[in-house]
1. Assign unit charges at the C-beta atoms only (+1 for Lys and Arg, -1 for Asp and Glu), then state the dipole size of the chain relative to its Cα centre in Debye, rounded to the nearest 20.
2. Ranking request for peptides 182-195, 150-163: highest mean number of other beta-carbon atoms within 10 Å first, then the rest in descending order.
3. Among all helices in the chain defined by DSSP H, which have a length of 20 Å or more along the axis from Cα atoms plus a Kyte-Doolittle mean of at least 0.0?
4. Quick one: length gained pulling H323 to L19 fully straight, 0.36 nm per residue minus the C-alpha distance?
5. How much net charge surrounds Y281 when only other residues with a Cβ under 13 Å from its Cβ are counted (Lys, Arg +1; Asp, Glu -1)?
6. Using r as the Cβ-Cβ distance of Q355 and D226, and R0 as 35 Å, what FRET efficiency do you calculate, to the nearest 0.05?
7. Can you tell which of T76, L51, I232 lies farthest toward the positive end of the dipole of the chain, using +1 and -1 charges on the Cβ of basic and acidic side chains (Lys, Arg; Asp, Glu)?
8. Could you give me D for the stretch 148-223, from Stokes-Einstein at 20 °C and 1.002 mPa s, where the hydrodynamic radius is the Kirkwood radius over C-alpha pairs? Units µm² s⁻¹, please.
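The values are calculated or read from the model by the stated rules, or taken from the named source; none is laboratory data. Keep in mind that this is a model prediction, so the values were computed, not measured. All Cβ positions, even for glycine, are placed from backbone atoms using ideal geometry, and neighbour counts span all protein chains on display. Ligands, DNA and RNA are stripped out before the accessible areas are found, and what is left, the full protein with its side chains, is counted by its heavy atoms. Shrake-Rupley method; radii C 1.70, N 1.55, O 1.52, S 1.80 Å.
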Amino acid sequence: MNLLAKLPEKERKIIDIILNSCDEYKGKIYIVGGVVRDLLMNKDVKDIDFLIEGNAIDFAKKANLNIKSQHEPFCTVKVEILDQEIDIASTRIETYQYMGALPTVTQTGVNINEDLKRRDYTINSIAYNVYSNKIFDPFLGAKDIQNGILKILHKNSFLDDPTRILRGLDFKHRFNFKFDKETYFLIQKCINNFNNEHLSIDRIYLTLNKIFSFSYSSKILEDILDDEIYKIWLNKTELKKTEIKKLDEAKTIFGVEEQNKLYICALESFFYIKPKFNNNYEIYEFFKKFNNIQLALYYFKTQDKNAVKYLEFKDTKPLINGHDLKALGFKQGEFIGRILKSILKEKVLNTNVFQTKDDEIEYVLKNYSPE
Ligand code: ATP
Ligand code: MG
């Protein structure tokens, strides 16, 4: 199978340059992780991670590539090719001395299958040799991609690095995948047994920062709250006094009862940004998926009064329902849904527009006719 054919032309050119720049390493060059996963799923590729079965810094030098930076302990190198920054890593073995601490690299230049063992999910543990066009998939990740399954490689994986749980939530919602049973059990076990004394909180922040930039971030936040994933970083971070005051204010306005959850999540609320709204209906549409904790956090972070305004029309509903519309001769479900939505929109835009059911019926008959 030639996976590379699915890449855009520029990326193919970059791979050609890397492949043909040093004979010594020709058969030792792989692409790995997310890029292979995305190619197998026929998705657009975001960034390409290269992996050298050997020493990436030595490779970049011998290949005469334009080196931008290098990191000796991990034996990784950043190069620039066709105006693009490219990361090239060396195959390596990592061990974790403490739960959630940063890993220690114990060996570099190892066999490709050894390197794949340090990764998170089976779907991310696939390598592709760009010279032989061969796939290396020791954990059968391609099968899990087909079945939409998120499976961890070994039972200590989350204890080693709990950011993998957050990464898993990203893939769950991004691809509509499910955790396999054992993996989900290990997530619960990690949440309940995690000792965060040596946890690298920066790594947690970095991962949260990434996943909360996605459009589906509120779903991820819901999972974090529902499964109490935030327990992992509990007490590792502190709120400032002024922040607590603002948070308490938000807590009261939005009627939040779960104070602890609110405080914990507040630390991650930096991802909320304040959009521009043109009218009340835009405000309604934006906030309707927020629960009260999310509203409080949003307000805490942005101090945007539109969140408070939303409370005025949050429970707005048409007085008439589908049955009433059917009685008027409207049949099709989707059309009925559209009519009800337009009544709702009118009411959100102007709270006094309809006083009674009859007013709404009059509006419907004036603007729509039964098919
Ligand atoms: P995305 O599409 O968001 O870039 P990705 O899987 O490519 O997803 P990256 O952060 O780019 O995520 O990481 C590249 C690869 O490195 C992953 O596919 C995985 O193999 C490995 N990796 C990244 N983070 C971890 C981690 N915390 N633990 C183990 N392996 C990881
Ligand atoms: Mg990636």
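1. Working: 56 positive and 54 negative charges, 61 e Å.
Result for the chain is approximately 300 debye, rounded to the nearest 20.
2. Working: 182-195: 15.8, 150-163: 20.3.
Packing proxy ranking, top to bottom: 150-163, 182-195.
3. Details: long enough: 333-349 (24 Å, 0.42).
Span-like helices in the chain: 333-349.
4. Details: separation 304, 0.36 × 304 = 109.44 nm, distance 6.64 nm.
So the chain would gain 102.8 nm between H323 and L19.
5. On the way: positive: K288, K309, K314, K341, K345, K347; negative: E282, E285, E312, E346.
Charge balance in the 13 Å sphere: +2.
6. On the way: r = 40 Å, r/R0 = 1.14.
The pair Q355/D226 has a calculated efficiency of 0.30.
7. I232
8. On the way: Rh = 12.8 Å.
Roughly 167 µm²/s, to the nearest whole number.
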